[in-house]
Amino acid sequence: MSDSDATRGEGRPEEETGAERESQEDALWQAIVENYGDRPDLTDEDLAPVGNQDPAASATPDAESGSDDVRDDPDEDLSSDRFMPPNPPALPWPEPAVLLAWVGVLGAPLCLLAVVVFSIAVPVFLSALLVIWFLGGFGYLVSAMPSGPRDPWDDGAQV
C-alpha cells in the first residue's frame with residue numbers, strides 16, 4: 001500500500017468515502033429535523049388580533065398567577081417601562097465669522113463649478129471675488145485652529 005492509498009482511507013477509493021460522508025451527513029440532518037419538536041396547534045382564537053379581545057376579560061387579573069412580573073400579553077405596549085432618552089439640544093449656530101468662512105470654503109468652489117459646468121458668462125470681478133472668498137475663508141479657519149496639542153489623556157468623551 002502506498003502513502004496515497006493510506007491518505008484516501010485505507011485503500012478505498014475517494015468516491016466511497018465521499019458517499020459515506022454524505023450519507024452520514026444526511027442521517028444527521030434527518031435526526032435534527034425529527035427531533036426538532038412538535039408544532040403547536042393554533043385555533044382561530046389564537047390567530048385573532050390583539051385588539052379584538054374582550055376588554056372585561058383582560059381587565060380581570062388571573063388570581064392563580066404567581067408573579068406580577070410575568071406579562072400575560074407579550075404584545076402589550078412596553079413604552080412606559082423602557083428608558084427614553086431626552087431629546088438632544090439644538091445644534092448651536094457658529095459665530096458669524098466662522099459661518100462666513102465655511103460658506104466661502106464650501107460655497108465658492110461650488111459656485112465656480114456651476115459656472116464652468118453650465119457655461120455661464122460671469123464677469124472676471126465676480127470669479128476673482130469667489131476665489132478670494134475661498135482663500136480668505138480657508139486662511140481664517142486655519143488661523144482659528146488651536147495652536148497647541150490637545151490633552152493626550154482626553155479622548156473626547158463627555159458624561
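For the range 111-159, a residue qualifies if it is under 20 Å from Ala97 (Cβ atoms), hydrophobic (A, V, I, L, M, F, W, C) and over 37 Å from the mean Cα position of the chain (by Cα), and the qualifying residues are Leu129, Leu130, Val131, Ile132, Trp133, Leu135.
Among the residues of the range 83-108, those that are modelled with pLDDT of 95 or more and either more than 23 Å from Ser143 (Cβ to Cβ) or in contact with a helix residue (DSSP H, G or I) (Cβ under 6 Å, 6 or more places away or on another chain) (or both) comprise Ala101, Gly104, Val105, Ala108.
When restricted to residues that are in a helix (DSSP H, G or I) and of a type outside the set (A, V, I, L, M), the range 103-151 contains 14.
The values are calculated or read from the model by the stated rules, or taken from the named source; none is laboratory data. Here the structure is a predicted model, which means the values were calculated and not measured. Backbone-built Cβ (ideal geometry, glycine too); neighbour counts: all protein chains shown.
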